[in-house]
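The structure appears below as structure tokens.
The values are calculated or read from the model by the stated rules, or taken from the named source; none is laboratory data. Since this is a predicted model, take the numbers as computed values, not measurements. Here the Cβ is made from the backbone with ideal geometry for all residues, glycine too, and neighbour counts use every protein chain on show. With ligands, DNA and RNA removed, areas are computed over all heavy atoms of the protein, side chains included. Shrake-Rupley method; radii C 1.70, N 1.55, O 1.52, S 1.80 Å.
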Amino acid sequence: MSLTGTAFLTTLIVLAAVAVALPLLLWSRTPGPWAARATARVLMLLFAQGTAVALVFTLVNNANNLYDNWADLLGTGSHVQQAADLGADGTGGIALEQLPRVKQHFTLADGPGMHAAGGVRVTQVNGRVSGVDAEVYVWLPPQYDKPAYRHHRFPVVELLPGYPGSAKAWFGALHAHEQLLPLMRSGRIAPFILVAPRTTLLAGIDTGCANIPGTVNADTWLSIDVPKMVMDNFRAEPAPAGWALAGYSAGAHCALKLAIAHPDRYRAAVSLSGYNDPMAERDSLTAQSPALRARNNPLLLLRRATSPPPLSLYVSGQPHDGYEAGVALRRAAHAPTNVQVVFVPTSAGGHTMALWRPQVVPAFHWLSARVGRHPVTVRGATPHARSTAGSTHAALASGTSSRAGAARRQ
């Protein structure tokens with residue numbers, strides 16, 4: 001029974017109802033001596049508490065897409081087949097253009113939100129360079145199957161979740177495809193292909209989206225194997241002009257790091273409540289030594305670049321939760337690197353999906369003007385369609401919030 005499936009949730013609801021009914025019906029009717037009655041009553045209480053905790057956890061998990069399956073929850077699954085030393089560029093000397101094209105089999109994905117807005121499809125990808133074997137979710141824009149676009153290539157955004165987090169989170173919890181569909185149809189936002197690869201590759205461990213020989217090649221999985229699969233199977237624009245990354249929390253850190261480390265593979269990155277120093281996620285593999293921290297810190301990567309990379313970076317955050325990291329990146333950036341920092345007031349909420357959901361639309365407005373061969377000209381920052389997040393913070397929803405503006409409003 002799937003952890004995120006309807007059958008499991010329904011079973012828990014039924015068990016929770018039974019757990020409430022049992023004490024009401026049997027508390028004073030339990031037969032036998034005092035010890036037996038006491039034991040039966042304690043078991044009824046434990047059963048009620050256990051089902052209540054399980055139900056609440058499942059509802060929270062489904063709402064935030066923290067754990068995708070039982071293996072992720074129990075820490076028993078690994079998606080790493082091998083982790084060879086692939087060198088500084090993460091290719092292991094393999095001529096990527098000579099790798100044969102692999103046609104993937106896609107099915108309609110299951111889970112909350114996965115059937116909305118035309119449906120999200122999923123496939124299992126065997127990373128031929130990284131040694132990772134994991135699922136990748138793909139959503140196609142409304143123009144993709146129209147005859148007028150049959151020769152058109154579409155820009156791509158890789159969507160990265162936080163940790164712990166499911167690859168489905170951008171669709172299930174943030175409703176990105178549902179928010180963007182009407183805006184893509186109206187031409188307000190570019191018709192992006194949305195790609196959400198698995199990022200939890202080792203049981204109960206945040207890889208930091210890094211290559212660590214002998215352990216995992218997460219960087220290569222995300223920046224080489226996943227893009228190669230997309231190019232093999234869809235009409236996607238080539239890198240770097242047509243490719244971008246977007247992430248929240250730990251995924252935001254990864255988005256910035258991958259883009260700055262590989263300006264030959266990406267043109268832009270969006271960071272929602274991210275960080276620079278991997279130590280912000282102490283369980284990350286990249287936080288385990290000073291050398292790993294330095295090699296995977298986007299701020300240090302930007303400072304140490306031999307020449308400023310031709311990148312556009314969008315960083316939003318609250319005080320002590322992403323904002324200062326964005327300011328540091330902006331100060332370190334030199335043309336042609338461009339960094340836009342959006343200050344999010346603490347009144348907008350905490351480090352949750354409710355904070356990031358209304359930021360999806362403004363982030364993609366920003367991406368539309370910067371990624372692809374024919375960027376969309378954004379006519380005003382605020383989209384015609386309101387964010388489905390239900391946020392009342394106009395500045396947040398428009399992507400124009402600033403620290404000064406927030407101070408004036410308070």
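What's the total number of residues in segment 302-319 that are of a type in the set (Ser, Thr, Tyr) and within 21 Å of Val342 (Cβ to Cβ)? Within segment 302-319, residues that are of a type in the set (Ser, Thr, Tyr) and within 21 Å of Val342 (Cβ to Cβ) number 3. For segment 1-17, taking the residues that are free of Cβ contacts under 8 Å to residues at least 12 places away in the same chain and open to solvent by less than 90 Å² (accessible area, probe 1.4 Å), the one that is farthest from the chain's Cα centre (by Cα) is identified as Ala17. You will find that of Arg357, Arg379, the residue that is at pLDDT below 95 and among the basic types (Lys, Arg) is Arg379 and no other.
Residues in segment 71-81 include none that are modelled with pLDDT of 85 or more, assigned to a loop (DSSP other than H, G, I, E, B) and more than 30 Å from Lys168 (Cα to Cα). Given (1) open to solvent by less than 40 Å² (accessible area, probe 1.4 Å); (2) farther than 15 Å from Gly247 by Cβ; (3) at pLDDT 95 or above, where does Pro336 come up short, assuming only one miss? With respect to (1) open to solvent by less than 40 Å² (accessible area, probe 1.4 Å); (2) farther than 15 Å from Gly247 by Cβ; (3) at pLDDT 95 or above, Pro336 is out only on (1). Scanning segment 48-73 for residues that are more than 18 Å from Leu9 (Cβ to Cβ) and open to solvent by 60 Å² or more (accessible area, probe 1.4 Å) returns a single hit, Gln49. Does segment 277-296 contain at least one residue that is at pLDDT 95 or above, outside any helix (DSSP H, G or I), under 25 Å from Gly127 (Cα atoms) and open to solvent by 20 Å² or more (accessible area, probe 1.4 Å)? No, every residue in segment 277-296 fails to be at pLDDT 95 or above, outside any helix (DSSP H, G or I), under 25 Å from Gly127 (Cα atoms) and open to solvent by 20 Å² or more (accessible area, probe 1.4 Å). Conditions: (1) among the polar types (S, T, N, Q); (2) modelled with pLDDT of 95 or more; (3) open to solvent by 10 Å² or more (accessible area, probe 1.4 Å). Ser368 meets all but one. Number of the miss? It fails just one condition, (3). Just one of the numbered conditions (1) in contact (Cβ under 8 Å) with a residue 40 or more places away in the chain; (2) outside any helix (DSSP H, G or I) is not true of Ala335: (1). Scanning segment 20-68 for residues being closer than 30 Å to Ala173 by Cβ and modelled with pLDDT under 85 gives a total of 12.
Being within 20 Å of Val122 (Cβ to Cβ) and of a type in the set (D, E, K, R) is the filter here, so list the residues in segment 203-231 that pass it. If the condition is that a residue be within 20 Å of Val122 (Cβ to Cβ) and of a type in the set (D, E, K, R), then Asp225, Lys228 are the ones that fit. Considering Gly317, Gly326, Gly322, the condition of being crowded, with 19+ Cβ neighbours inside 10 Å and either among the charged types (D, E, K, R) or under 24 Å from Asp264 (Cα atoms) (or both) is satisfied by Gly326 alone.
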